[in-house]
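Let me begin by presenting the structure, written as structure tokens, before commenting on it.
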Amino acid sequence: MELTGANSSRVGRIRSRIGVLGGTFDPVHNGHLAIATAAFNVLELTTVLFVPAARPWMKDSGSGEVVTSVEHRVEMVRLATEGREGFGLSTVDVDRGGASYSVNTLTDLREQYGHASELLLILGADALEELPRWREPERLLSMCTLVCVGRPGSGLPEHLPQGHPGRGAQFVSGPMLQVSATDIRARVAAGSSIDGLVSPLVAGYIERKRLYKKDV
Ligand code: ATP
């Protein structure tokens, strides 16, 4: 449909709505898939791109956290998303290399998709709280619409906290799954089951590659 008049420059140019879900994905789990699904359905997105961080800056040296190699994390995201309608994998952060900052992710995606696409940055409620401490939050937010999905422990805010740089955020309640990558890694290390927490293909990969075992 061709739009004319006052709305044509603002709305008429938008041809797709792309959700951007960045993360360490160590490993990608059902909480990630659930928030991507909720955002996809509620906000009628064209696609949700899962964007694994090359080197998550908040888990860089000094934090003491060891992150699984990017090849494994990308492969697990590929296995979890492949063949699922509306989900895709973007390797922009991996291709750029170095520490991954969302402001660079959005800059690269904007260049890739052009201004006919609206970019919607999907965050769990815990990440929303952290965002003001990320690199160049104002510039980051000028390139996207913020989408916050509820997470157990952080709940679902009804509006942005006082002083938060975000404007016009969307809030999606989501299924509130009590699952984290930290817990999954601990379960595998302890020999406990991760059934129902990750997709069967990801579980098989973790098993085959002996990820998160204490002896590797
Ligand atoms: P870790 O436990 O290693 O810190 P994580 O489970 O938080 O990892 P990340 O890859 O760091 O996973 O998260 C990427 C994004 O997904 C973040 O925006 C985070 O808030 C969101 N997210 C992860 N798990 C959930 C969940 N269960 N519910 C809602 N949001 C989630």
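Quick check on Ser180: is it at pLDDT 95 or above and closer than 24 Å to Ser100 by Cα? Spell out the reasoning first.
On the way: at pLDDT 95 or above: yes; closer than 24 Å to Ser100 by Cα: yes.
Here the answer is yes, as Ser180 does meet what is asked.
Kindly provide the set of residues from region 171-182 that are under 21 Å from Glu71 (Cα atoms) and either without any contact (Cβ under 8 Å) to a residue 40 or more places away in the chain or more than 15 Å from the ligand (Cβ to nearest atom) (or both), ordered by number.
Thr182
Anything in region 78-112 that is more than 23 Å from Trp57 (Cα to Cα) and either modelled with pLDDT under 95 or in a loop (DSSP other than H, G, I, E, B) (or both)? List them, or say none.
Glu82, Gly83, Arg84, Glu85, Gly86, listed by residue number.
Only one residue in Gly163, Gly196, Gly153, Gly168 is within 14 Å of the ligand (Cβ to nearest atom), at pLDDT below 95 and on the phi > 0 side of the Ramachandran plot, so which one is that?
On the way: Gly163 fails: within 14 Å of the ligand (Cβ to nearest atom); Gly196 fails: at pLDDT below 95; Gly168 fails: within 14 Å of the ligand (Cβ to nearest atom).
One residue alone meets the criteria, Gly153.
Taking region 159-216, which residues are among the acidic types (Asp, Glu) and either touching a strand residue (DSSP E or B) at 6+ places or on another chain (Cβ under 9 Å) or not in a loop (DSSP other than H, G, I, E, B) (or both)?
Asp183, Glu207
Within region 135-155, how many residues are more than 16 Å from the chain's Cα centre (by Cα), within 20 Å of His115 (Cα to Cα) and hydroxyl-bearing (Ser, Thr, Tyr)?
Within region 135-155, residues that are more than 16 Å from the chain's Cα centre (by Cα), within 20 Å of His115 (Cα to Cα) and hydroxyl-bearing (Ser, Thr, Tyr) number 1.
Would a scan of region 51-64 turn up a residue that is farther than 18 Å from Asn30 by Cα, without any contact (Cβ under 8 Å) to a residue 12 or more places away in the chain, within 15 Å of the ligand (Cβ to nearest atom) and in a loop (DSSP other than H, G, I, E, B)?
Yes: region 51-64 contains one or more residues that are farther than 18 Å from Asn30 by Cα, without any contact (Cβ under 8 Å) to a residue 12 or more places away in the chain, within 15 Å of the ligand (Cβ to nearest atom) and in a loop (DSSP other than H, G, I, E, B).
Scan region 90-121 residue by residue and report those that are aromatic (Phe, Trp, Tyr) and closer than 24 Å to Ile14 by Cβ. Lay out the reasoning, then the answer.
So the first thing to find is which residues in region 90-121 are aromatic (Phe, Trp, Tyr), and the list is 101, 113.
Answer for region 90-121, where residues must be aromatic (Phe, Trp, Tyr) and closer than 24 Å to Ile14 by Cβ: just Tyr113.
From the list Glu71, Glu75, which one is part of a helix (DSSP H, G or I), of a type in the set (Asp, Glu), within 16 Å of the chain's Cα centre (by Cα) and closer than 22 Å to Ala181 by Cβ?
Numbers: Glu71 fails: within 16 Å of the chain's Cα centre (by Cα).
From the options Glu71, Glu75, the qualifying one is Glu75.
Take the residues in region 122-150 that are outside any loop (DSSP other than H, G, I, E, B) and small (Gly, Ala, Ser), then tell me which one is farthest from the ligand (Cβ to nearest atom).
Filtering region 122-150 for residues that are outside any loop (DSSP other than H, G, I, E, B) and small (Gly, Ala, Ser), the one farthest from the ligand (Cβ to nearest atom) comes out as Ser142.
Being of a type outside the set (Val, Ile, Thr) and closer than 18 Å to Val42 by Cβ is the filter here, so list the residues in region 167-196 that pass it.
Scanning region 167-196 gives Gly168, Ala169, Gln170, Phe171, Ser173, Gly174, Pro175, Met176, Leu177.
Could you list, in sequence order, all residues of region 12-50 that are of a type in the set (D, E, K, R), more than 10 Å from the ligand (Cβ to nearest atom) and at pLDDT 95 or above?
Residues satisfying the conditions are Arg17, Glu44.
Among the candidates Glu75, Glu158, which residue alone is closer than 18 Å to His29 by Cβ and away from the ligand (no atom under 14 Å from the Cβ)?
Glu75
The values are calculated or read from the model by the stated rules, or taken from the named source; none is laboratory data. Model, not experiment: these values are computed from the prediction. Cβ coordinates were reconstructed from backbone atoms using ideal geometry, including for glycine residues, and neighbour counts include every protein chain displayed.
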